[in-house]
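Novice: This is the structure I want to talk about, given as structure tokens.
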Amino acid sequence: MPAQRRSRNRLMSQINVVPYIDVMLVLLVIFMVTAPMMNPGQIDLPSVGKSATPSVAPLEVMIKKDATLVLRDHAQGGAEQPVTRDELAGLLKQRLAKNPQQAVVISADKKIRYEEVIHVMDMLQQQNVQKVGLLTRTR
């Protein structure tokens, strides 16, 4: 008999989660009811005026199919000027002396070797051009 009595007085090792679910559902309802009543915080952001100097149109270095370079200045109406690598370096020095933040965009024919584009990018980096981009066509 004592062996049977011990088995009946054993502790229960299971957790009853039903009260926890009830509490969680009550909290969920409370948050759902009170959330629309809360006013979102207003943030007073500082304001700045427009820049005194207008942004300068970028220079476009075009690499044609035959690996020749053409410089297009969008600030002067998009006039194209065929240049050599040395002439391009000189023109960029002149433009960067006037405006160090001048942007330069490279556009290359899709059949041109990647190496040619890298050479032009390297030359721009040597001229300390801060803003360099690649021009692509959208589909």
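The values are calculated or read from the model by the stated rules, or taken from the named source; none is laboratory data. Quick caveat, the model's predicted, so the values are computed rather than measured. With ideal geometry, Cβ positions are generated from the backbone for all residues, glycine too; neighbour counts draw on all protein chains shown.
Novice: Within the range 51-70, restricting attention to residues that are at pLDDT below 80 and loosely packed, with under 10 Cβ neighbours inside 10 Å, which residue is nearest to the chain's Cα centre (by Cα)?
Specialist: Result: Ser55.
Novice: Identify, please: which residue in the range 92-131 is basic (Lys, Arg) and more than 20 Å from Gly78 (Cα to Cα) and is, among those, nearest to the chain's Cα centre (by Cα)? Steps first, please.
Specialist: Kept after step one, since they are basic (Lys, Arg), are these residues of the range 92-131: 93, 95, 98, 110-111, 113, 131.
Subset that is more than 20 Å from Gly78 (Cα to Cα): 110-111, 113.
Values: Lys110: 24, Lys111: 28, Arg113: 27 Å.
Out of the qualifying residues, it is Lys110.
Residues are listed down the side, and each one gets a yes or a no for (1) part of a helix (DSSP H, G or I); (2) surrounded by fewer than 11 Cβ atoms within 10 Å (Cβ to Cβ); (3) modelled with pLDDT of 85 or more:
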position: Arg72; (1), (2), (3): no, no, yes
position: Ala75; (1), (2), (3): yes, no, no
position: Leu88; (1), (2), (3): yes, no, yes
position: Ala97; (1), (2), (3): yes, yes, yes
position: Ser107; (1), (2), (3): no, no, yes
position: Lys110; (1), (2), (3): no, yes, no
position: His119; (1), (2), (3): yes, no, yes
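Novice: When you go through Val17, Val48 one by one, which is the residue that is modelled with pLDDT of 80 or more and either of a type outside the set (S, T, N, Q) or farther than 30 Å from Lys98 by Cα (or both)?
Specialist: Of Val17, Val48, the one residue that is modelled with pLDDT of 80 or more and either of a type outside the set (S, T, N, Q) or farther than 30 Å from Lys98 by Cα (or both) is Val17.
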